[in-house]
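First up is the structure itself, then whatever we jot down about it.
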Amino acid sequence: MLNKIYNWIDERLDITPLWRDIADHEVPEHVNPAHHFSAFVYCFGGLTFFVTVIQILSGMFLTMYYVPDIKNAWESVYYLQNEVAFGQIVRGMHHWGASLVIVMMFLHTLRVFFQGAYKKPRELNWIVGVLIFMVMMGLGFTGYLLPWDMKALFATKVGLQIAEATPIIGPAIKTLLAGHPEIVGAQTLTRFFAIHVFFLPAALLGLMAAHFLMIRKQGISGPL
Amino acid sequence: MSEKKHRVSRRQFLNYTLTGVGGFMAAGILSPMVRFALDPILKEETGQDMVAVAQVKDITTEPQRFDFKVKVKDAWYESEEPRSAWVFKDENGDIVALSPICTHLGCTVNWNGDKNNPNRFFCPCHYGLYEKDGTNVPNTPPTSPLHRYEYEIKDGTLYLGKAKPRGEA
Amino acid sequence: MHRGKGMKFVGDSRVPAVRKPNIPKDYSEYPGKTEAFWPNFLLKEWMVGAVFLIGFLSLTVAHPSPLERVADPTDTSYIPLPDWYFLFLYQLLKYSFASGPYTVIGAIVIPGLAFGALLLAPFLDRGPERRPSKRPVAVGMMLLTLAAIVFLTWESVVTHDWEAAAEQGKIRAEVEIDTNAEGYKILEANTCLTCHGENLQGGPAAPSLVGTGLSPEEVANIAKNGVGSMPGGLFQGTDEELQKLAEFVAGLDAE
């Protein structure tokens, strides 16, 4: 039955080559930890992607309860963590995952750096990778404010002051991020929410697609 | 078929293990999230407090409208919502408290609202009609009787709870 | 493969009508030792992922994510702390060469140089050598940066008062405090409020006075002789006042 459906679709769209291309592309054996245990360092990139998937999924589910508004944000986070079944786990996945994604990405970056894997012809992929790093830091910074608790508010105030220290355009950047020249409040929260949930993830998806396409095109760098 | 054909090839074995591990990861990630999302339908319904509405001595055989407020807890948001009820005593002297929400499409019904249909509840939206005891009049839009409030009487005061379909209250 | 004239298509589409057999490629054609992405490589990758996931889920079960009390912009005594991966930057801004008039150095120039160098690493380190031992400058710079980040994060962690941080962020039961009560006036007169807060909610230097669970005698003793970091002798009133104060504080219960 499933085979028949598959054949029906395949006859019309010729999908077999699409997944065959992904499934059958060859991977060098030196990145497989089953062959050389030291190859576990090659897992960090995959784990970064894995945590990112967890982040996207848990984030999607969290927005079912979360409200980006200074009157309701904290209440809704408190509610979803304490009253909703598995709320602690889902929020925990998003909270701890945010830290783990930074750790994994950091280790991945170090692996690539110390192996010199960014050298010709992979310069562009390294740049895309560093941009992903910055986007992730931005996601961490904007996400920190969303529960609207004490540490969120005051850490964001400090962060915005750092942005303000930029010469010439600093105050403009701060106002643009905070939505108000002085107050870190209602407008800041909605802005950070939009940046955290739409703008940065969109940038992240685009950059990750470029990252993976380049890896496929160039292959994984050879052993040292 | 020979014995050999039934043996699992290395590739097949890897495929099965791979799908198994993948399924485990998907289940591990998704099951907490799905349970999290399904929480509203699995949450036990909280009982509603009985609210004092009227003095029993004020209730006559003629339906009267009483307004009252109930406390509603919507997750972290608590509010008071206005409700109303048509309350009267039936032939046996039992108190009947009808919800004014038309069972057709949720408009509010009125007692004697239509001059051509005295002593009936009338819904102005689609001309639905109900008898005094809440039974829907055949050949008008509503298909079921008006809901009845759960009630109890304490010290001469009428308390109302939830409105439930006839037969359950 | 069939090309050019005579190719058959499905209807008027561009999908070829001749199906290729659905068999995996022969890897012997590639140089070096390789294996298929699916299932060989992915299986190992996913096994690592599964082990990781178990640890990760255990973490979420064992440690509920922290949530402090709702943001109160008027609380000026709160000492902020960013998420741990920004701690090094936070610590950097505490040093005199990177703060005050030089904030721009700590906030923009140093991180900007570091990230700029990271971004442009392939163009700064151009040699063909990949082994770390063959490119000492790049590796040395990276090790130095790493050491600096570890050191700054470490400094930030050890100089932060974590107990006070946990105390200042606690979710507190809200209690209406009768500021006209005699006990409150006595607290005010004896400067208790400067540390314990106007709503007795506590602060970075002192705990909340609400719901202490102490008896009036214990409260009176603490008020007179101090406890922990609170010195004795702060209370200057009469014994009668002390009694009233103690009863007032002991009577403050979280709802």
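Values as computed for the structure displayed
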item: Filter result (assigned to a strand (DSSP E or B) and among the hydrophobic types (A, V, I, L, M, F, W, C)) within region B:148-169; result: B:153, B:158, B:160, B:163
item: In region A:18-34, residue farthest from residue C:48 (Cα to Cα) [restricted to those that are surrounded by 18 or more Cβ atoms within 10 Å (Cβ to Cβ) and more than 7 Å from chain C (Cβ to nearest Cβ)]; result: A:30
item: Residue within region B:46-69 that is at the interface with chain A (Cβ under 10 Å from one of its Cβ atoms) and small (Gly, Ala, Ser) present; result: no
item: Leading residue by the ranking (least open to solvent (accessible area, probe 1.4 Å)) among those in region B:63-77 that are assigned to a loop (DSSP other than H, G, I, E, B) and free of Cβ contacts under 8 Å to residues at least 40 places away in the same chain; result: B:75
item: Residue match in region B:106-123 (condition: assigned to a loop (DSSP other than H, G, I, E, B) and closer than 22 Å to residue B:46 by Cβ); result: no
item: Meets criteria (over 24 Å from residue C:103 (Cβ atoms) and touching a helix residue (DSSP H, G or I) at 6+ places or on another chain (Cβ under 7 Å)) for residue A:184; result: no
item: Scan of region C:226-243 for residues that are out of contact with any Phe, Trp or Tyr (no Cβ under 9 Å at 6 or more places or on another chain), farther than 22 Å from residue C:161 by Cβ and not aromatic (Phe, Trp, Tyr), ordered by number; result: C:232, C:233, C:236, C:237, C:238, C:239, C:240, C:243
item: Qualifying residue in region A:76-86 (condition: among the charged types (D, E, K, R) and touching a Pro at 6+ places or on another chain (Cβ under 6 Å)); result: no
item: Options C:86, C:115, C:123: the member that is open to solvent by 50 Å² or more (accessible area, probe 1.4 Å), closer than 30 Å to residue A:153 by Cβ and not in a loop (DSSP other than H, G, I, E, B); result: C:115
item: Count of residues meeting criterion [within 21 Å of residue A:217 (Cα to Cα) and either in a helix (DSSP H, G or I) or in contact with a Gly (Cβ under 8 Å, 6 or more places away or on another chain) (or both)] in region A:1-46; result: 18
item: Boolean, residue A:81 is at the interface with chain C (Cβ under 8 Å from one of its Cβ atoms), in a helix (DSSP H, G or I) and not hydroxyl-bearing (Ser, Thr, Tyr); result: yes
item: Breaking point among (1) part of a strand (DSSP E or B); (2) open to solvent by 30 Å² or more (accessible area, probe 1.4 Å), for residue B:145; result: (1)
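Condition check ((1) closer than 19 Å to residue C:119 by Cβ; (2) not in a helix (DSSP H, G or I)) across all residues:
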{"position": "A:117", "(1), (2)": "yes, yes"}
{"position": "A:131", "(1), (2)": "yes, no"}
{"position": "A:136", "(1), (2)": "yes, no"}
{"position": "A:141", "(1), (2)": "yes, no"}
{"position": "A:144", "(1), (2)": "no, no"}
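The values are calculated or read from the model by the stated rules, or taken from the named source; none is laboratory data. These figures come from a predicted structure and were not determined experimentally. With ideal geometry, Cβ positions are generated from the backbone for all residues, glycine too; neighbour counts draw on all protein chains shown. Note: areas computed on protein heavy atoms with side chains; ligands, DNA, RNA excluded. Shrake-Rupley method; radii C 1.70, N 1.55, O 1.52, S 1.80 Å.
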